[in-house]
1. Hey, any hits in region 54-63 for a residue that's surrounded by fewer than 16 Cβ atoms within 10 Å (Cβ to Cβ) and either among the small types (G, A, S) or not in a helix (DSSP H, G or I) (or both)?
2. Could you tell me which of the residues N101, N48 is at pLDDT 90 or above and surrounded by fewer than 17 Cβ atoms within 10 Å (Cβ to Cβ)?
3. Would you point out the residue of region 104-132, among those that are open to solvent by 70 Å² or more (accessible area, probe 1.4 Å) and part of a strand (DSSP E or B), that is modelled with the lowest pLDDT?
4. In region 19-45, which residues are assigned to a loop (DSSP other than H, G, I, E, B) and open to solvent by 40 Å² or more (accessible area, probe 1.4 Å)?
5. Give me the pairs, please: first residue somewhere in region 93-104 and farther than 16 Å from G35 by Cβ, second residue anywhere and among the acidic types (D, E) and not in a strand (DSSP E or B), beta-carbon distance under 6 Å, and either six or more positions apart or on two chains.
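The values are calculated or read from the model by the stated rules, or taken from the named source; none is laboratory data. Every value quoted in this text rests on a predicted model; they were computed, and no experiment measured them. Cβ coordinates were reconstructed from backbone atoms using ideal geometry, including for glycine residues, and neighbour counts include every protein chain displayed. The protein model used for the area step is the full one, side chains on, heavy atoms only, and it has no ligands, DNA or RNA in it. Shrake-Rupley method; radii C 1.70, N 1.55, O 1.52, S 1.80 Å.
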Amino acid sequence: VDYYGGEQNCADGCIVGFCEVAMLPIPSADGKERGYAPCIANLVVSPNHRRRGIASRMIQNAERFVRLHWAESLSSCYADDLDEDDLKSEGILGLYVDEKNKGATSLYLRENFIITGHSLKENERLFLEKKL
């Protein structure tokens, strides 16, 4: 359900996808961790509803959510768990994607994400980020 657009993407009100945002480590170009940032942790659209702009709208809604609700509270909600150096909110939204998933990678590049590194644990996963 698209809460910002006011319309549901299915005639009977079914859920056709979801997007989860979580704080994840962000890699630097040299493969080290450079802190944490809000990242799209999961983005899924039902196969029957793909190629209709739903994933793009969910990405845009995730960006809006992070800007409106998360950016101001990053340091306060994670202050007990992370060192101050780890709380480098750089005003980005990040995500990891399987390097072989060309369709998803293409979607994220169209949404103005840029590839900035690889996963700290799995080299076959790209890290992409977008300045907010």
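1. yes
2. N101
3. H118
4. Answer for region 19-45, where residues must be assigned to a loop (DSSP other than H, G, I, E, B) and open to solvent by 40 Å² or more (accessible area, probe 1.4 Å): A29, D30, G31, K32.
5. Between residues of region 93-104 that are farther than 16 Å from G35 by Cβ and residues that are among the acidic types (D, E) and not in a strand (DSSP E or B), the close pairs are E99/E124.
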